[in-house]
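Read through the structure below, which is laid out as structure tokens, and then see the notes.
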Amino acid sequence: MAYDIAKFLHITGIVMLMGNITATAFWKVFADRTGNPLIVGFAQRLVTITDWSLTFWGIILTIGGGYGALWIAGVSPFGSGWLIWSQVMFAVAGTIWLCLLVPIQIRQAKVAKTFARGGTIPEAYKRDSRNWIVWGLIGTVPLVAAVWLMVAKPY
């Protein structure tokens, strides 16, 4: 029963994490494309809110549930190739997010406050948006690979 709970928490975390990062990217891109400072500012505020409420807790549940399930099952996190590589992929994605995407997002949140009630969207914000989506897509690839490894367990 404890293993099932840990596995459930792990899978719930993955759903929260993957669901939020993909859905957020879609609606942020569409909001940015309007060019309307009110919509763009609102969308940027929601990116911050959903990252703290869904992405952050999704990461916590993914890590806690995954390592909890391994511990309960008596399995080493380095016991098989798929486990090792899924952790490596998760770490690569986390590094991209922490080192590149979070700083971009913080800058965007600060700038968005200046135009969210009207005004013009600065070119620096637009450049950061392009970088955010490019690096977000790049950072999502290792997460998708990690999920595939966890499901397929190829070796």
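Find, among the trypsin sites (Lys or Arg not before Pro) in segment 49-145, those assigned to loop by DSSP (not H, G, I, E, B) with at most 13 other beta-carbon atoms within 10 angstrom.
Values: sites: 107, 110, 113, 117, 126, 127, 130; in loops: 117.
Loop-located and lightly packed - 117.
Once Rg and the Kirkwood radius are both taken over the C-alpha atoms of the chain, their ratio Rg/Rh works out to 1.07.
Counting only protein heavy atoms and a 1.4 Å probe, segment 68-109 has 54 square angstrom of accessible area per residue. If you average the C-alpha positions of segment 79-155 and of segment 1-64 separately, how far apart do those two centres end up, in angstrom? The two parts, judged by their Cα centres, are 11 Å apart. So how tilted is helix 2-34 from the main axis of the chain? Cα-based, degrees 0 to 90, rounded to 10. The answer is roughly 20 degrees.
Accessible surface of the chain, 1.4 Å probe: 75 percent of it comes from carbon and sulfur atoms.
Counting pairs on different chains as well as pairs 8 or more places apart, how many Lys pairs in segment 7-155 have Cα atoms under 29 Å apart? Intermediate results must be reported in sequence, preceding the final value.
Numbers: 7/153; 28/110; 28/113; 28/126; 110/126; 113/126.
Taking the Cα cut-off of 29 Å, the pair count is 6.
The values are calculated or read from the model by the stated rules, or taken from the named source; none is laboratory data. This is a predicted model, so every value here is computed, not measured. Positions of Cβ are generated from backbone atoms using ideal geometry, with glycine treated the same way; all protein chains shown enter the neighbour counts. Each accessible area value is taken on the protein alone, full model and side chains, heavy atoms only, with ligands, DNA and RNA left out. Shrake-Rupley method; radii C 1.70, N 1.55, O 1.52, S 1.80 Å.
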